[in-house]
Amino acid sequence: MKFLEYINEAVIGTYIKNLKQDLHTALVKVPINSRGSMFYILNKYFDKDKINFKLSRKNKEGIEGYIDPETLKIDIEIGIVHVLFTEISMLVQHLSEVITHELIHRDQISKSNKKASLYKMSGNDTKAKAKEYLANKYEIMAYAAQTVLALRHEGFDDESIISMCKDPEAWYDRLLNSRAHIDIYLIDFFKATDPTAKKFKKYVVEYLEKQK
Ligand SMILES: [Zn+2]
């Protein structure tokens with residue numbers, strides 16, 4: 001199955017766009033520091049999509065997503081730092097990136113006969129384990145889409161994204177504080193000639209093409 005078949009612009013692209021708008025409206029109705037209200041609204045809003053939000057117990061600063069391969073339910077864990085200090089528009093952007101990642105997994109699992117073999121990471125995993133996780137085909141695809149979204153949210157146009165893929169070192173300083181995974185895939189964990197790095201670049205370009 002080709003990557004493009006996993007991503008249906010009409011379904012996911014529009015979904016995320018609308019979602020962003022409505023979620024933003026929903027969120028601004030309550031104070032950002034009232035975390036009970038925020039989670040209440042998120043869960044009420046996303047219940048029909050089988051996406052559940054909760055406060056992360058272990059990760060204070062990140063947003064992490066998980067999908068149950070059996071029920072296809074998605075859990076999004078949000079760190080307390082985000083809940084208390086992140087601007088709503090930033091939070092919505094970051095959430096939509098993580099949700100996109102998990103929706104791609106949902107699509108992969110739904111379309112796969114033998115179920116996409118998703119890789120579970122635990123907090124104490126070594127670099128070798130992390131590398132194995134990142135090299136999983138389904139993760140590369142999900143991270144490629146998440147990366148495109150993150151870079152666009154950070155103000156990069158599609159040409160810059162392609163140029164980053166070609167010469168990531170030249171963009172390294174600007175990628176340092178980015179939510180995108182280009183530096184992880186193309187510099188920190190894999191060499192440019194590594195099959196995983198090549199796949200990542202390919203999926204980023206395919207995702208961009210699909211969105212035109
Ligand atoms: Zn994943």
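The values are calculated or read from the model by the stated rules, or taken from the named source; none is laboratory data. These figures come from a predicted structure and were not determined experimentally. Positions of Cβ are generated from backbone atoms using ideal geometry, with glycine treated the same way; all protein chains shown enter the neighbour counts.
The table below gives the values:
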quantity	calculated
Residue match in region 189-208 (condition: free of Cβ contacts under 8 Å to residues at least 24 places away in the same chain, over 20 Å from K127 (Cβ atoms) and of a type in the set (F, W, Y))	no
Selection within region 87-111 - within 11 Å of the ligand (Cβ to nearest atom) and among the charged types (D, E, K, R)	E102, R106
Selection status of V92, modelled with pLDDT under 90 and touching a Leu at 6+ places or on another chain (Cβ under 6 Å)	yes
